[in-house]
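Colleague: I'd like to ask some things about the structure below.
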Amino acid sequence: MIPVAKPFLGKEEWQAVQRPLSSGWVTQGPEVAAFEKEFAAFVGASHACAVSSCTTALHLALKAAGVEGGEVVTVSHSFIATANAVRYCDATPVFVDIKPGTFNIDPRLVEKAFSPRTRALLVVHQMGMPCDMRAILPAARRRKIPVVEDAACAVGSEILWRGRWEKIGKPHSDAACFSFHPRKLLTTGDGGMITTRHRKWDAQFRLWRQHGMSVPDVKRHLSKKVIFEEYTELGFNYRLTDIQAAIGREQLRGLPAVLQRRRHQVERYRKRLSTVSGLDLPQEPPWARSNWQSFCVRLPADRNQRRVMQRLMDQGISTRRGVMNAHRERAYRKEPWTCGPRALPGCRHAQGMCERLRESEKAQERSILLPLFHGMTQAQQDYVVESLRKACL
Ligand SMILES: *Cc1c(COP(=O)(O)O)cnc(C)c1O
């Protein structure tokens, strides 16, 4: 079976975990601190704070933005954690549609979705493809609405910013949240990182991730004087461990080579799939460089998604359906959300159907993710291409 994704872990990672295992410092400690520093340098951020996942990163970033009780403008067309993080803050997601032909938020719809209750804008760089930050940010800035990037998939992705290529996570907004889940390009098993331009936000994240404790435990451990810590506000246990960070540091070191290979693999896919009629391939706008975490194709309009996926599976090829939509999940029949101040006449939100989210729904129904991973061979790729060609006939 050719898997849809597979983490790339080598002997470097294997050796790196020996450090925390032999020192005995296995939870958040010096490896986490070093990983944060190296990650910040890689994306060009002034602050990076490691946490237990991107979901917890999003929770803290939205909390820092002060969204409680208000509305957060975001997409439904994303992994469910995007919307869930809004709900953890007791805020209501306002879902806007994606731009046709892409899997990212439609910048033209963002400003219309703002209301006096809007507390933040949460954009997603879906599957590693940067969204159009230049088109999105000015409207939020004019209204002083904080912006958070769900960059779960976007480690190593870049955008052209004032004539220069910059990494996603610098961040171009107020904060960006990354995931180190095994489906992403850089993995620590589970894990996450928040980068921010605000020193104050970074200090808050550090406090919140460790129970609201006034003295980080490394500091207490190293102190020659007795220290009594305080708990200054309600915090969480959202720490990354030193075992994970040791792996993350090696993954980060290997990332440039992974990115290079990934771009090469995508070029190959692109060339060979261009002759499959009716198939839409993902496009990279001139101002963006995707890390190509996933390669998501739209099937010819008259092809049945499930049947194509089954045919591929019968050929030993694992695929996944396109990105989900939170508003179509049972959880969001119970959780509050809106598509604007007033639903359209055709909207049946209680059944998970929304007239304003038609592009999101279509993208989910028509697209599939093809296998793509570092260890994938050219022969495997060619086999996927030919099997897809036949499955689409
Ligand atoms: C994977 C993913 C997340 C969740 O990341 P975790 O680290 O698993 O919490 C959030 N948003 C998007 C867009 C993702 O792809």
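Derivation of every value follows stated rules applied to the coordinates shown; laboratory data play no part. Note that this is a predicted model, so its numbers are computed, not measured. When we count neighbours, we look across all protein chains shown, and the Cβ atoms used for this are built from the backbone with ideal geometry, even at glycine.
Colleague: Among rounded, prolate and oblate, which fits segment 40-153 when a ≥ b ≥ c are the square roots of the eigenvalues of its C-alpha gyration tensor, a/c under 1.5 means rounded, and a/b larger than b/c means prolate?
Modeller: Verdict is rounded for segment 40-153.
Colleague: Also, quick follow-up: Which far-off residues, 5 or more places away or on another chain, put their amide H under 5 Å from the one on T92, with H placed in the peptide plane?
Modeller: Result for T92 returns G70, E71, V72.
Colleague: Please go through segment 53-119 and write out the trypsin sites (Lys or Arg not before Pro) that DSSP classes as loop and that have at most 16 other C-beta atoms within 10 Å.
Modeller: Here the sparse-neighbourhood loop sites are R117.
Colleague: Net charge around Y383, counting only other residues with Cβ within less than 12 Å of its Cβ (Lys, Arg = +1; Asp, Glu = -1)?
Modeller: Once all neighbours under 12 Å are counted, the net charge is +1.
Colleague: Taking square-rooted eigenvalues a ≥ b ≥ c of the alpha carbon gyration tensor, is the chain rounded, prolate or oblate, where a/c under 1.5 means rounded and, failing that, a/b exceeding b/c means prolate?
Modeller: Verdict is oblate for the chain.
Colleague: Restricting to DSSP H runs of at least four residues, report the calculated mean residue ellipticity at 222 nm for the chain, -39500 (n - 2.57) per run over all residues, nearest 500 deg cm²/dmol.
Modeller: It comes out at -11500 deg cm²/dmol, rounded to the nearest 500.
Colleague: While we're on this one: Could you work out how much longer the chain between K390 and R342 gets when fully extended? Use 0.36 nm per residue separation minus the Cα distance between them, nm to one decimal.
Modeller: Once the chain is fully extended between K390 and R342, it gains 12.8 nm.
Colleague: Another question, if that's okay. Which whole-Hz ³J(HN,Hα) couplings does segment 251-267 yield from phi under the Karplus relation 6.51 cos²θ - 1.76 cosθ + 1.60, θ = phi - 60°, glycine and proline marked x?
Modeller: For segment 251-267, the Karplus curve yields 4, 5, 4, x, 4, x, 5, 5, 4, 4, 5, 4, 5, 5, 4, 5, 4 Hz.
Colleague: Counting only residues 5 or more places away or on other chains, whose amide H sits under 5 Å from the amide H of H47 once H atoms are built in the peptide plane?
Modeller: Long-range HN contacts for H47: T196.
Colleague: If you don't mind, there's one more thing I want to ask. For C131, C177, which order do you get if you count the other beta carbons within 10 Å of each Cβ and list the fewest first?
Modeller: The fewest-first ordering by Cβ neighbours comes to C131, C177.
Colleague: Long-range amide H contacts for N104: which residues qualify at under 5 Å (H placed 1.01 Å from N, peptide plane, sequence gap of 5 or more or a different chain)?
Modeller: For N104, whose amide H was placed from the backbone, the distant partners under 5 Å are K99.
Colleague: Longer than 27 Å from Cα to Cα, which of K170/K271; K63/K334; K11/K390; K112/K184 are they? Say none if no pair is.
Modeller: K170/K271; K11/K390; K112/K184
Colleague: Provide the per-residue ³J(HN,Hα) series for segment 102-116, in order, calculated from phi with Karplus coefficients 6.51, -1.76, 1.60 and θ = phi - 60°, each as a whole number of Hz, with x at glycine and proline positions.
Modeller: Once rounded to whole Hz, the list reads 10, 10, 10, 3, 8, x, 5, 8, 5, 5, 5, 7, 5, 9, x.
Colleague: Could you tell me which trypsin sites (Lys or Arg not before Pro) in segment 309-393 are loop residues by DSSP with no more than 15 other beta carbons within 10 angstrom of their beta carbon?
Modeller: Qualifying residues, ordered by number: R330, R342.
Colleague: Determine the dipole magnitude for segment 73-223: charges of +1 sit on the beta-carbon of Lys and Arg, -1 on that of Asp and Glu, nothing else is charged, the reference point is the Cα centre, and the result goes in debye to the nearest 20.
Modeller: 580
Colleague: Can I ask one more? Among bridges DSSP assigns within the chain, what percent are antiparallel (round to 5)?
Modeller: Antiparallel bridges: around 60 percent, rounded to the nearest 5.
Colleague: Could you compute the FRET efficiency for H198 and R134, with r as their C-beta to C-beta distance and R0 at 25 Å, rounded to 0.05?
Modeller: 0.75
Colleague: Just to check I understand the Karplus step: with θ = phi - 60° and J = 6.51 cos²θ - 1.76 cosθ + 1.60, what whole-Hz values come out for segment 124-132, glycine and proline as x?
Modeller: Karplus-based 3J(HN,Hα) across segment 124-132 equals 10, 8, 5, 6, x, 7, x, 8, 7 Hz.
Colleague: Next up: Counting Lys and Arg as +1 and Asp and Glu as -1, what is the net charge of the other residues whose Cβ lies under 13 Å from the Cβ of P182?
Modeller: Charge balance near P182 sits at +1.
Colleague: Pull out a ≥ b ≥ c, the square roots of the eigenvalues of the alpha-carbon gyration tensor of segment 256-391, then state rounded if a/c is under 1.5, prolate if not and a/b is larger than b/c, and oblate in the remaining case.
Modeller: Cα axes put segment 256-391 in the prolate bin.
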